[in-house]
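So the structure is just underneath, and the comments pick up after that.
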Amino acid sequence: MTGKDILYGLNNIDQDLINECEEQGGQKQKSKPQISLLKVSIAAACIFMVVMCTLDLIKVNDPLYANPDKIQSNMQEQTFSTYSTENDALVHISMNTVHFNDLDQELASAPIWYNPEMYNTIVWGEIEIEDYYGKELTLQYVPEGLKASPVNGSATVIFDKEGNIVYDTVWLGYYQGYDELGNPQLTDDYISPKGISVLFSKMGLLNDCLYILPDNEIKRTSIEGIDVIFGHRSILGCISGDENISSESYYDIYVAEFLLDGIDYNITASQMSAKEFVKTVAVIISGDVNICVDD
Amino acid sequence: MDDLNIVQLFWDKDQDAIMNLAEKYGEKLYSLAYGILHNHEDTEEAVNDTYLKVWNAIPPEKPIYLFAFIAKICRCTALDKYDWNHAKKRHIQLGDVVNELDNCVVADMQNRDSIKGYELGDALSSFLRQLPKQKRWIFIRRYWYFDSIADISFRYGISQSKVKTTLHRTRRQLKCFLESEGINI
């Protein structure tokens with residue numbers, strides 16, 4: 001049998017499949033504007049800078065930094081009344097069983113300069129990424145209102161001259177919206193992007209998260225048998241000088257770190273609810289969207 | 001005129017049947033055949049042959065999905081006219097499509113006799129039904145209608161790279177499916 005046989009075999013597929021494709025899948029749409037790889041790279045860099053700058057600045061400006069107890073009280077104020085239990089969910093997770101470690105700050109891994117005389121930089125597309133990681137790197141569950149970044153589906157990886165990979169980190173972003181360059185739009189409330197980003201690396205080249213507690217006291221949450229370190233921090237949004245600082249001036253940053261199928265994950269969410277974040281993480285781990293996160 | 005009425009005209013052996021069929025679906029049939037033959041004269045001939053075959057087929061057939069029924073006849077007719085010996089010289093696209101599908105074939109299947117068309121058609125139908133709708137449509141657009149990657153990208157408003165990736169994954173799934181089904185060829 002050859003490809004030609006399959007081509008002829010397709011003559012005999014059920015007619016309702018053709019009819020469905022013709023009637024439902026046959027409407028032409030306007031093509032999306034194509035975004036060049038350069039713009040995509042710039043967008044990725046900008047997203048990274050915005051997140052990092054935010055995290056650095058709050059260390060100086062955030063009064064909560066001096067009083068970490070408030071972080072816990074801020075979290076306890078959250079309510080999840082809009083969520084209902086789904087009886088047919090395969091996995092139920094209770095928020096009571098999820099432990100959020102107080103996050104001091106998240107740092108990028110120290111940037112390494114790869115001498116182009118010794119290393120080759122290659123841009124991977126979705127196929128190469130999937131071949132390397134052995135699975136499709138995408139979020140099966142994306143919280144409502146978030147859209148995939150135009151950067152998704154490509155990654156800049158680095159090989160040494162002998163063909164060994166030395167940098168394999170892949171970034172995925174899902175944000176509320178994007179500007180013309182593909183950068184996430186900033187929210188009016190906090191002048192900060194709202195959404196979720198995920199870093200993947202088989203080599204463990206991810207951001208380092210610093211927690212307030214020492215390493216041996218960091219608590220882990222088990223989701224489907226995978227140990228996850230959840231972190232949280234309240235961030236003071238960008239406010240004008242004459243505004244009073246209140247609890248509403250803060251938004252939440254959540255992180256989750258875990259190792260799954262030999263791949264290190266680092267997930268960061270900004271201005272999302274804890275429950276949505278936990279569900280996003282749980283779907284990545286279980287591979288099933290049918291998950292219910294209870295209060 | 002709706003499909004039921006057109007089918008009825010064929011059943012009544014009314015000469016207007018072909019005229020109405022051509023009026024409603026002529027362009028689509030032409031486009032389908034041209035996607036295979038890339039030659040206006042051959043395409044014209046294939047479409048006219050299709051009308052004749054439909055005339056002979058209805059009755060006894062009473063198709064539920066008229067377009068799918070006539071498009072299948074048109075596709076078969078055009079493929080029969082296609083000169084595979086000169087495929088590479090005349091038209092790259094169909095050769096590309098075949099090359100893409102060659103990757104779906106399990107190595108030890110290649111030297112065996114062809115599976116019967118209907119058996120393979122049933123298996124392919126089962127496979128396609130398992131796919132999410134958009135994946136299924138993209139696959140059918142590419143390998144049934146022979147649409148180009150650019151056309152599919154435009155049709156669904158997704159990037160060409162997304163179309164290629166989707167097709168790549170679907171072909172890989174198809175290969176696994178054919179292996180797992182152990183189709184007797």
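The values are calculated or read from the model by the stated rules, or taken from the named source; none is laboratory data. In this text the structure is predicted, and so the values were computed from the model without any measurement. Counting neighbours? That spans all protein chains shown, and the Cβs are built from the backbone with ideal geometry, glycine included. For accessibility, only protein heavy atoms count, side chains too; no ligands or nucleic acids. Shrake-Rupley method; radii C 1.70, N 1.55, O 1.52, S 1.80 Å.
Could you calculate the contour length gain from A:D294 to A:H99, that is, 0.36 nm times the residue separation minus the distance between their Cα atoms, to one decimal place in nm? Don't skip to the answer; put the middle values down first.
Details: separation 195, 0.36 × 195 = 70.20 nm, distance 1.41 nm.
Result for the pair: 68.8 nm of gain on full extension.
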request  = Scan around A:Y178 for amide H atoms under 5 Å from its own, H built in the peptide plane at 1.01 Å from N, and keep only partners 5 or more places away or cross-chain.
outcome  = A:Q185
Distance in nm between pseudo-label sites at B:C176 and A:N244 (7 Å out along the Cβ direction from Cα) = 5.9 nm
Residue-wise HN-Hα coupling along segment A:274-289, computed from phi with Karplus coefficients 6.51, -1.76, 1.60 (Hz; x: Gly, Pro) = 4, 5, 4, 5, 4, 5, 4, 5, 5, 5, 4, 6, 7, x, 10, 7
query = In Å², nearest 100, what accessible area do chains A and B bury in total when the solvent probe is 1.4 Å?
reply = 4600 Å²
ask   = What dipole magnitude, in Debye to the nearest 20, does segment A:115-187 give about its Cα centre under +1 on Lys/Arg Cβ and -1 on Asp/Glu Cβ?
value = 180 debye
query = In chain B, with Lys and Arg counted as +1 and Asp and Glu as -1 at Cβ, which of these residues, B:S148, B:Y82, B:N39, has the Cα nearest the positive end of the dipole, that is, farthest along it?
reply = B:S148
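Rounded to the nearest 0.05, what FRET efficiency do B:Q15 and B:Y118 give with R0 = 35 Å and r taken as the Cβ-Cβ distance? Could you check? Walk me through the intermediate numbers first.
Working: r = 33 Å, r/R0 = 0.93.
Efficiency at R0 = 35 Å is approximately 0.60.
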Spacing of the two label points (7 Å from each Cα toward its C-beta) at A:I212 and A:N120, in nm = 4.9 nm
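State in Å² the accessible area per residue of chain B; use a 1.4 Å probe, count heavy atoms of protein chains only, and round to the nearest integer.
On the way: 9250 Å² over 185 residues.
So chain B comes to 50 Å² accessible per residue, rounded to a whole number.
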ask   = Accessible area of A:D131, 1.4 Å probe, to the nearest 10 Å²?
value = 90 Å²
task = Sort the following peptides by mean Cβ neighbour count (other Cβ atoms within 10 Å, averaged over residues), highest first: B:65-71, B:22-28.
result = B:65-71, B:22-28
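Show that you can apply the helix-only estimate: for chain B, add -39,500 (n - 2.57) for every DSSP H stretch of four or more residues, divide by all residues, and state [θ] at 222 nm to the nearest 500. Each step should come with its number before you reach the end.
Values: 10 runs with 135 residues, N = 185.
Here the helix-only value at 222 nm equals -23500 deg cm²/dmol.
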